[in-house]
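Notes follow once the structure below has been shown.
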Amino acid sequence: MGFAGRDLISINDFTNEEIEAVLELADEMNSALEKGERIEICQGKDMATLFYEPSTRTRGSFERAMHKLGGTVVSFPEAQTTSSVAKGETIADTVRVLESYADIIVIRHPWEGAAKVAADYAKVPIINAGDGGHEHPTQTLCDLYTLKKGKGKIRGLAVCLWGDLKYGRTIHSLIYALARFGTEVFCAPVQGLGLPEAVLRKLHSEYDYVPKKVKGDDLRSMMGEVDALYISPFKPYNLPLWPDLDVVPFIDREALRNADALYVTRVQTERRGEDDQRAQESHPTVNAKLLKEFKKKTLVMHPMPRVNELAYELDNYPRSVYFQQAAYGVPIRMALTALLLGASQIEVPRKDSFLPRKTAYSRYKEAISVKCPNPNCVSRHESRYIVPKFEMLNEEPLTLRCVYCEHEIHPPYIASSEWHHGLMLEDKKYHSADSHWLRKIKPENLIIFDSEEEARAKGFRPSKYVTAPR
Ligand code: NCD
């Protein structure tokens, strides 16, 4: 399958072979840039950069990439105030207008799922440059390229993800890719900012992957003077797809010291909920003292910007590659842009065994009266035209995943739409989602409710199989 005309919303939109193809083309672009060669293969093409959140590296490197390719850029660096969004225009309308001025649109937005909505409405390729705390796939391409340049490979490496693993969108895209490339991942999150449940589940159910955790005691002793370090426990999970989620494997100190790369992230203060306010302060800064503990020539990576989590004293450390990582943004985004615009053509055969998604989930459009519970989901903000949609992950307990932001919900009540196919009105009843009715109702007839109030408001009455939600 070729790249021309496609979107990049999640890193999982590309197979491993496609990711490798982008990295190879980026490497060619990088060599050409180093030699000062001209690569103006996108002459006559226009890119729109639509950024509703601050950005230095991502927007800068996309725009530089397009200029290097000989194309032009229509730039909206503060789209929330300088575009018609300030007057209440929706994402769907904005991208449908912009597509007549641009052949490709790069969008960054604070709402999770915003890039998917843009892709659903625009005819031109959409690139997700970060959607809330969800994903940032082009940063992952830069990260993988940096790992490959620094270590010669990706498969078989051990990478420690450090910092805000909950809201860090670079982390989410990166961990999917690392899992798929067979990299060992150790998590060292700030207290309370461990990987979200939905990311853990997806790693497990779709990629058979369980990341490991760094033991708090080990990290504390490596840091010496740090007297309290708390590595967030994962929530107790009792979902059948992952029976032992509370038994997350730990790594020993020796394994951590052998990590090939330490990927440090800042706490995403702009996305922290009230529950997370107490986090962060006790997490150690990555500094020279900590790095002395690492046996190998561990690469120090950071998507940037940094705040206090990474000491300036490491800037001259030969293995600190964070500025290089940012510089690679130009050849990576050149390669991606050229491919999606069809200016460079690579056909990557899709091998079934390498398709990124293992599970084909059914889609629940019929899930009337269910809203995504994530307050930062685009479907909550642009409800004028977005119909909530979910994929069914699991039947017992009933688990749905929002197709926009990928948050999970466990709705408590269900009913069948068959009541209106000639049955008596008395049959318009709702049941608890954990009753035997879930197996009885055909998937195409399943109606799902967030609450009893919703069910009643839609004219349903409780059956005897209604119990209080657990
Ligand atoms: C990251 C982002 O925006 O998610 N920055 C980037 O694009 N390189 C990381 C961050 O903001 O912490």
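The values are calculated or read from the model by the stated rules, or taken from the named source; none is laboratory data. Predicted model only: the values in this text are computed from it and were never measured. Here the Cβ is made from the backbone with ideal geometry for all residues, glycine too, and neighbour counts use every protein chain on show. For accessibility, only protein heavy atoms count, side chains too; no ligands or nucleic acids. Shrake-Rupley method; radii C 1.70, N 1.55, O 1.52, S 1.80 Å.
For the reader, a short list of remarks on this structure follows.
- The range 36-59: number of residues that are within 16 Å of the ligand (Cβ to nearest atom) and under 16 Å from I104 (Cα atoms): 5
- Entry remark, the range 180-216: residues being open to solvent by 10 Å² or more (accessible area, probe 1.4 Å), under 18 Å from the mean Cα position of the chain (by Cα) and over 22 Å from N374 (Cβ atoms) number 5 in total.
- Taking every residue in the range 153-178 that is within 16 Å of V210 (Cβ to Cβ) and pairing it with any residue that is more than 12 Å from the ligand (Cβ to nearest atom) and among the polar types (S, T, N, Q), at least 6 positions away or on another chain, the pairs with Cβ-Cβ distances below 6 Å are V159/T183; Y176/N12.
- F181 away from the ligand (no atom under 16 Å from the Cβ) and under 16 Å from T298 (Cα atoms): no
- Candidate set: the range 293-326, residues that are buried (at least 16 other Cβ atoms within 10 Å of the Cβ) and part of a helix (DSSP H, G or I); chosen: the one nearest to the ligand (Cβ to nearest atom): A326
- Checking V247 against (1) away from the ligand (no atom under 13 Å from the Cβ); (2) open to solvent by 10 Å² or more (accessible area, probe 1.4 Å); (3) at pLDDT 90 or above; (4) not in a helix (DSSP H, G or I), the condition it does not meet: (3)
- Scan of the range 141-175 for residues that are open to solvent by 10 Å² or more (accessible area, probe 1.4 Å), in a helix (DSSP H, G or I) and within 13 Å of the ligand (Cβ to nearest atom), ordered by number: R169, T170
- The residue that is modelled with the lowest pLDDT, among those in the range 257-282 that are away from the ligand (no atom under 16 Å from the Cβ) and within 15 Å of L219 (Cα to Cα), is S282.
- Any chance P233 is modelled with pLDDT under 85, open to solvent by 30 Å² or more (accessible area, probe 1.4 Å) and within 16 Å of V190 (Cα to Cα): yes
- Residue satisfying condition, being over 20 Å from the mean Cα position of the chain (by Cα), away from the ligand (no atom under 16 Å from the Cβ), open to solvent by less than 70 Å² (accessible area, probe 1.4 Å) and touching a residue at least 12 places away in the same chain (Cβ under 8 Å), within set D13, D7, D103: D103
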